[in-house]
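Everything below concerns the one structure shown next.
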Amino acid sequence: MGLIILFVSLFGLMLMRVPIAFSLALSSFAYILYSGLPPVLLMHNMVNGMDSFPLLAIPFFILAGALMNSAGITARIFGFARAIVGWMHGGLGHVNVGASIIFAGMSGAAVADAGGLGAIEIKAMREAGYDDDFSVGVTAASSTIGPIIPPSLPLVIFGVMASVSIGKLFVAGIVPGLLMALSLSVMIWWMSRTRNYPRDVNFSPSVIATRFKAAFLPLMTPVIIVGGIVSGAFTPTEAAIGAAAYALILGTVVYRTLTVRKLAVISLETIETTAAIMMIVGAASVFAWILTANQVAAHFAEFVLSFTDSKAVVLLLIMAVVLIVGLFMETIAAISILVPVLMPVAAQFGIDPVHLGIIVILNLMLGLLTPPVGMVLFVLSRVSKVPFEQCVRATLPFLVPLLGVLLLLTFVPELVLWLPEKLYGS
């Protein structure tokens with residue numbers, strides 16, 4: 001009966017559009033009161049859930065992305081990507097994907113990509129004569145690359161919740177992120193040929209060299225982050241601090257585009273975003289503690305074992321569960337709740353936790369492109385002034401290549417595990 005109260009109150013609060021952090025906390029509190037447990041357990045478990053050193057990486061990665069956006073660095077990235085791939089059919093569509101790959105190495109968040117690069121990309125594509133549905137669809141789909149290629153805020157949360165090396169998770173995301181970009185580029189090429197979209201610019205090595213020179217310092221951000229973590233020079237948390245400091249130097253000393261007023265606004269935005277994320281992590285930790293205390297993970301594992309002993313079927317079942325949860329729940333909350341349930345099942349069937357982390361995060365990224373949550377779609381609707389319903393329709397074709405990559409990564413784990421095994425050992 002306690003679990004029924006827990007889940008009914010959670011979904012009831014979510015239907016009433018209560019913020020997810022408060023929905024999780026209040027439903028957990030209802031369970032605690034019904035069970036006759038001390039109310040102080042709520043705060044105790046929330047604090048314990050947030051008391052983790054690796055979580056310090058979150059505010060600094062958020063700050064680094066915000067600084068890059070406000071310092072005008074996104075325009076340099078877009079210009080460099082335009083010089084490299086703008087000569088292909090549907091050039092600006094490919095530029096969109098290329099810029100997302102580069103920006104992914106700085107922000108680690110899909111919403112930051114959509115909000116920062118999205119405004120520049122959609123404006124440029126409109127001026128070049130691209131349809132709004134194509135422009136919005138490409139921008140939305142390419143923004144999901146951000147949380148896969150390191151650094152990644154969702155992978156930090158997964159690593160903390162699952163006690164998995166964040167460095168390994170970061171490295172494991174490189175190949176899947178590039179495969180996502182490749183699949184989207186194929187879709188863009190096919191749609192561009194069908195709709196007769198133009199090439200954006202002529203291929204010019206001299207222009208590429210000029211744009212590379214202009215974007216060289218921002219391009220060093222992912223090198224500092226990933227290179228430092230892989231080499232063991234610093235931890236992911238220290239890498240986040242270094243990335244934020246580097247972005248601050250670029251904006252204030254090198255390009256001189258950051259003013260005191262802008263820094264104050266960025267700081268407040270970072271504090272607000274971090275506070276919201278940490279509230280979700282804390283509330284979800286209480287929820288996950290209740291699930292663990294009631295052996296929900298063990299019962300779920302028993303159910304799966306009674307249903308099938310096939311690893312392939314289990315992977316499909318995990319994908320289905322994560323996809324359904326991702327449709328209705330914010331990414332950080334979904335990770336915090338799902339990890340304690342899925343990890344025992346993965347262990348029983350010999351699924352590598354690094355492999356599980358990548359496919360879970362990619363699966364949840366699809367939830368950002370689908371209603372009713374669809375955070376990326378809401379952001380792009382505001383940025384592009386395109387109605388939300390039209391944004392949903394525009395994104396649907398681009399879900400096909402992303403789902404294809406998800407299935408490929410799910411059933412060919414070597415694509416995920418090869419690079420971390422080479423760098424870290426098996």
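Nothing in this text is a laboratory measurement; each read-out follows from the coordinates by a stated rule. What you see is a predicted model; the values in this text were computed from it and never measured. All Cβ positions, even for glycine, are placed from backbone atoms using ideal geometry, and neighbour counts span all protein chains on display.
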Checklist entry - What translational diffusion coefficient, in µm²/s and rounded to a whole number, does the Stokes-Einstein relation yield for region 265-334 at 10 °C and a viscosity of 1.306 mPa s, taking the hydrodynamic radius as the Kirkwood radius over Cα pairs? => result 109 µm²/s
Checklist entry - Which value, in debye to the nearest 20, gives the size of the charge dipole of the chain about its Cα centre, when Lys and Arg are +1 and Asp and Glu are -1 at the Cβ? => result 1100 debye
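Consider all pairwise Cα distances in the chain and report the whole-number % of them above 28 Å. Intermediate results must be reported in sequence, preceding the final value.
Working: 43837 of 90525 pairs.
Tail of P(r) above 28 Å: 48 percent of Cα pairs.
Would you kindly calculate the translational diffusion coefficient of region 245-285, applying Stokes-Einstein with the Kirkwood radius from alpha carbon pairs, for 20 °C and a viscosity of 1.002 mPa s, and quote it in µm² s⁻¹ without decimals? Intermediate values should be presented prior to the final figure.
Numbers: Rh = 11.7 Å.
Translational diffusion coefficient: 184 µm²/s.
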Checklist outcome for this item: In order over region 242-257: 3J(HN,Hα) from phi, Karplus 6.51/-1.76/1.60, θ = phi - 60°, whole Hz, x for each Gly or Pro, gives x, 5, 5, 5, 5, 5, 5, 5, 4, x, 9, 9, 7, 8, 6, 9
Next on the checklist: Compute the distance from the alpha-carbon center of region 346-360 to that of region 142-169, in whole Å.
Outcome noted: 14 Å
Next on the checklist: Over the chain, with a Gaussian network built from C-alpha contacts below 10 Å, which listed residue (378, 300, 53) shows the highest mean-square fluctuation?
Outcome noted: 53
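Beyond 16 Å, what share of the Cα-Cα pairs of region 25-69 is found? Please give it as a whole percent. Don't skip to the end; give the middle numbers.
Working: 551 of 990 pairs.
Cα-Cα pairs of region 25-69 separated by over 16 Å account for 56 percent.
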Checklist entry - If the cut-off is a Cα-Cα distance under 19 Å, which aspartates and glutamates reach residue 422, setting aside same-chain residues fewer than 8 apart in sequence? => result 352, 414
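For the chain, what relative contact order do you get, as a whole percent, if you take Cα pairs closer than 8 Å and at least 6 residues apart? If you can, show how the numbers build up before the last one.
Details: 659 pairs, mean separation 104.6, N = 426.
Taking the mean separation of contacting Cα pairs over the length of the chain, I get 25 percent.
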Item to check | Kirkwood Rh in Å, taken over region 116-247 so that all alpha-carbon pairs contribute | outcome: 17.1 Å
Next on the checklist: Considering only C-alpha atoms, what is the centroid distance from region 300-319 to region 324-343, in Å?
Outcome noted: 17 Å
Checklist entry - For region 24-31, in order, what is each residue's ³J(HN,Hα) by Karplus, 6.51 cos²θ - 1.76 cosθ + 1.60 with θ = phi - 60°, in whole Hz (x at glycine and Pro)? => result 5, 5, 5, 5, 5, 5, 4, 5
Checklist entry - Can you tell me the Rg and Dmax of region 1-123, counting just the alpha carbons, in angstroms? => result 21.7, 67
Checklist outcome for this item: Shape descriptor, region 297-418: equivalent ellipsoid semi-axes (Cα gyration tensor, sqrt 5λ, whole Å, largest first) stand at 29, 15, 12
